Amino acid sequence: MDVHEAVTSRRAVRGFTDRPVPRETLERVLSTAAWSPSGSNIQPWHTYVLTGGPLAEVKKRVGERLAAGDPWDEPEYEQYPSTLKSPYRERRSAFGEQRYGALGIPREDLEARQRAASANWDCFGAPAALFCYIDRDMGSPQWADVGMYLQTVMLLLRAEGLHSCPQMAWAKFHRSVAEVLLPPDELILFCGMSIGFEDVTVDGARTRRAPLDETVTFVDGH
């Protein structure tokens, strides 16, 4: 699989089989992803990889909180600006319509939307997941470094025939994740990522992308 195919075939998959992901595959992907760029090569990512019992325990703890109606944890970072301006607001809204429309859930059925969203915390059935942390002292450039690292991980997973789903949703239950992983206090959970083999029986409709002229400006020389 070449790079272009890896990029265009990568998407947030929300349905996985229970087929195990070999440990050596994950090690190969993460060893290669370590070559991702970062400012002054500080490599600000801290990654925990879970399978089997530990992953089941994280899912169980969050599942119990969902069932009990517990509120989300106090956020440690702002996922979106409080006022999302155009065109970002419209893109986010279009994503929601496409995502829940594919599931046959109308906009007004908030309960059904919440049930669908809760699949995040079961990793959509994936048998492996990673949780990516960053040091609290890091600034915006280092958060960007972590994003490049995670994209590299996802593309390498595609090269191995695997799929993934990056999930900031896990940050909403960062305390429950920390109870299992016991990360140092100086780390913040940025996101989780479900990893596995795609369940092709689950609707895998892709979200659309903005046309090139909305996001790219060519400044040509003469």
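The values are calculated or read from the model by the stated rules, or taken from the named source; none is laboratory data. Predicted, not measured: the structure shown is a model, and the values here were computed from it. All accessible areas refer to the heavy atoms of the entire protein, side chains included, with ligands and DNA or RNA removed. Shrake-Rupley method; radii C 1.70, N 1.55, O 1.52, S 1.80 Å.
What the phi angles of region 68-79 give under the Karplus curve with 6.51, -1.76 and 1.60, with θ = phi - 60°, is a coupling list of 7, x, 5, x, 5, 5, 4, x, 9, 7, 8, 6 Hz, glycine and proline written as x.
Return one whole number: the accessible area per residue of the chain in Å², for a 1.4 Å probe. Please list the in-between numbers first.
Values: 13120 Å² over 222 residues.
Heavy-atom accessible area per residue stands at 59 Å².
Once you sort the root eigenvalues of the Cα gyration tensor of region 24-81 as a ≥ b ≥ c, which label holds: rounded (a/c under 1.5), prolate (a/b larger than b/c) or oblate (the other case)?
Values: a/c = 4.24, a/b = 1.46, b/c = 2.91.
Taking the square roots of the gyration eigenvalues as a ≥ b ≥ c, region 24-81 is oblate.
In whole percent, and with a 1.4 Å probe on the protein chains, what portion of the accessible area of the chain is carbon and sulfur?
Values: 7010 of 13120 Å².
With neighbouring chains kept in place, the figure for the chain is 53 percent.
Contact order normalised by length for the chain, with contacts defined as Cα pairs under 8 Å and 6 or more residues apart; what percent is it?
Working: 268 pairs, mean separation 88.8, N = 222.
Taking the mean separation of contacting Cα pairs over the length of the chain, I get 40 percent.
How large is Rg over Rh for the chain, taking Rg from the Cα atoms and Rh as the Kirkwood inverse mean of 1/r across Cα pairs?
Working: Rg = 18.1 Å, Rh = 18.9 Å.
Taking Rg over the Kirkwood Rh, I get 0.96.
When Ser38, Ser93 are compared by accessible surface with a 1.4 Å probe, the order from highest to lowest is Ser93, Ser38.
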